[in-house]
1. Any chance you could check the Cα centroid distance between segment 283-309 and segment 145-159 for me, in angstrom?
2. Quote the Stokes-Einstein diffusion coefficient, in whole µm² s⁻¹, for the chain, based on the Kirkwood radius over alpha carbon pairs, a temperature of 4 °C and a viscosity of 1.567 mPa s.
3. Tell me, what is the FRET efficiency for M1 and K153 to the nearest 0.05, using R0 = 56 angstrom and their Cβ-Cβ distance as r?
4. Straight-line reach from K153: which lysines have a Cα under 24 Å away, not including same-chain ones fewer than 8 places off?
5. May I ask for the distance between the Cα centers of segment 331-392 and segment 37-79, given as a whole number of Å?
6. Restricting the count to DSSP beta bridges whose residues both fall in segment 106-219, what percent are antiparallel, rounded to a multiple of 5?
7. Considering only the chain, what is the antiparallel percent among its DSSP beta bridges, to the nearest 5?
8. On the protein heavy atoms, probe 1.4 angstrom, tell me the percent of accessible surface of segment 106-219 carried by carbon and sulfur.
Amino acid sequence: MNHVVVVGAGLAGVRSVEALRARGFGGTITLLGEEQHRPYDRPPLSKGVLIGKTDSTIVDSDLDALEIDFRPGVSAKGLHTGVVETTEGELAYDGLVIATGARPVRLRGDGPQHVLRTIDDALALRALLTEGARVAVIGAGWIGAEVATAARKAGSTVTVVEAASFPLATALGPIGAHTASWYAQAEVDLRLGITVASVDQGGLTLGDGSAVEADVVVTGVGVRPAVEWLAGSGIALDNGVVTDEHLRTSLPDVVAVGDCAAWWSRRYGRRLRVEHWDTALGAPDVAVAALLGADAVYDPVPYFWSEQFDNMVQYAGYHDGARLVLRGDPAAGGKANWGACWTNEDDTLAAVLAVNRPRDLLQGRRLIEGGQRLDVHRLADPAVALRDCTVA
Ligand SMILES: Cc1cc2nc3c(=O)[nH]c(=O)nc-3n(C[C@H](O)[C@H](O)[C@H](O)COP(=O)(O)OP(=O)(O)OC[C@H]3O[C@@H](n4cnc5c(N)ncnc54)[C@H](O)[C@@H]3O)c2cc1C
């Protein structure tokens with residue numbers, strides 16, 4: 001293998017080129033990035049960048065020292081056996097890493113609609129979040145909550161419209177309802193169970209025909225894997241690029257990582273596609289190992305965090321079908337300090353949610369990885385450390 005092409009210069013892309021060099025690959029590495037920027041981190045976009053704390057989130061990676069042929073502003077347009085078609089012509093590869101991430105969904109309508117995915121999006125939006133501006137945010141998921149937080153900090157008037165009957169419904173399920181009070185405390189007008197029919201000039205038209213007037217509309221209703229360029233290539237696609245547990249795709253010498261990859265999880269016995277930073281950080285080393293002929297397995301306990309309304313929200317695991325145990329009282333006064341555990345039928349831990357309880361997250365993550373059986377009654381007591389909830 002003499003030439004590896006990495007398509008997508010986000011976190012997963014840059015970690016892939018680093019992993020190739022760290023594993024001793026001495027051949028040519030070409031890194032294609034649709035954006036004009038050097039690889040940067042996205043989590044701070046909706047946090048530090050939006051509130052004006054920082055302007056740059058470029059990752060600390062010396063592409064020149066690694067001898068990477070980095071091509072900003074170049075997109076992959078198609079894929080044939082051994083060749084990536086790019087906006088600057090064809091590029092032959094011996095090995096290919098697909099790391100094209102995901103793109104935000106936009107809603108219907110001819111009104112101006114902001115999304116938050118890139119540093120350019122973040123800087124453009126920040127300039128509009130001003131004192132007294134009327135900001136309508138569509139979606140009370142992670143991005144919606146963080147944008148609402150930043151907009152309130154800037155003194156804007158904020159309305160959040162959410163189709164589900166509680167915030168964070170997709171990620172957390174009904175327990176997300178306990179975050180609704182954070183919106184009220186921040187004086188955000190949270191409208192639940194309401195769909196948006198269209199984004200128009202001057203605001204939103206809602207499903208019931210009523211309107212929300214707004215100077216700024218931000219759509220935060222989720223993302224789709226950026227795999228349109230792979231259509232017709234013969235690669236297996238199903239909610240992203242399908243991979244095995246080694247992150248190998250259906251095509252030889254092609255691996256996929258990060259937000260665009262739907263990998264086979266041994267741990268959960270199903271395919272997972274996780275749109276979070278920790279996956280983009282951890283998957284590339286395994287994928288590159290596979291590309292170079294080793295048999296490493298990617299089998300993490302998924303992890304993510306969000307900072308919203310001055311709360312640190314952290315989650316690890318995968319809770320589909322698991323039993324929920326609330327830990328602490330979300331309605332207690334003062335700074336939020338509660339969480340949740342989801343347990344499997346055999347009383348092992350499936351997932352943990354920690355609100356301003358970083359120790360719960362750390363210990364819970366270890367318990368999920370270790371698979372110890374737990375005393376479910378003790379789990380419900382927030383005064384008992386999670387690591388002290390194991391049973392012999
Ligand atoms: C505002 C924001 C806040 C976030 N906050 C958190 C958080 O608090 N916690 C957390 O865990 N996760 C968070 N995330 C998610 C996390 O940032 C992503 O999971 C991570 O960025 C995924 O990395 P990636 O490299 O797979 O994809 P991306 O970061 O999307 O990078 C993919 C790159 O590929 C480029 N590309 C796409 N198509 C092509 C093509 N055809 N040719 C060439 N290049 C292409 C794209 O332009 C992009 O630069 C946040 C994301 C956003 C947007």
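The values are calculated or read from the model by the stated rules, or taken from the named source; none is laboratory data. Quantities reported herein were computed from a predicted structural model and do not represent experimental measurements. Using ideal geometry, Cβ is built from the backbone for each residue, glycine included, and neighbour counts are taken over all protein chains shown. Keep in mind that these areas ignore ligands, DNA and RNA; they rest on the heavy atoms of the full protein, side chains included. Shrake-Rupley method; radii C 1.70, N 1.55, O 1.52, S 1.80 Å.
1. 33
2. Numbers: Rh = 22.2 Å.
Answer, rounded: 58 µm²/s.
3. Numbers: r = 49 Å, r/R0 = 0.88.
Computed FRET efficiency for M1 and K153 comes out at 0.70.
4. Answer for K153, where 24 Å is the Cα cut-off: K47, K53, K335, listed by chain and number.
5. Cα centroid to Cα centroid, the span is 35 Å.
6. Antiparallel bridges make up about 35 percent of those DSSP assigns within segment 106-219.
7. Values: 48 of 80 bridges.
Taking every DSSP beta bridge within the chain, about 60 percent pair in antiparallel fashion.
8. Working: 2410 of 4710 Å².
Carbon and sulfur atoms account for 51 percent of the accessible area of segment 106-219.
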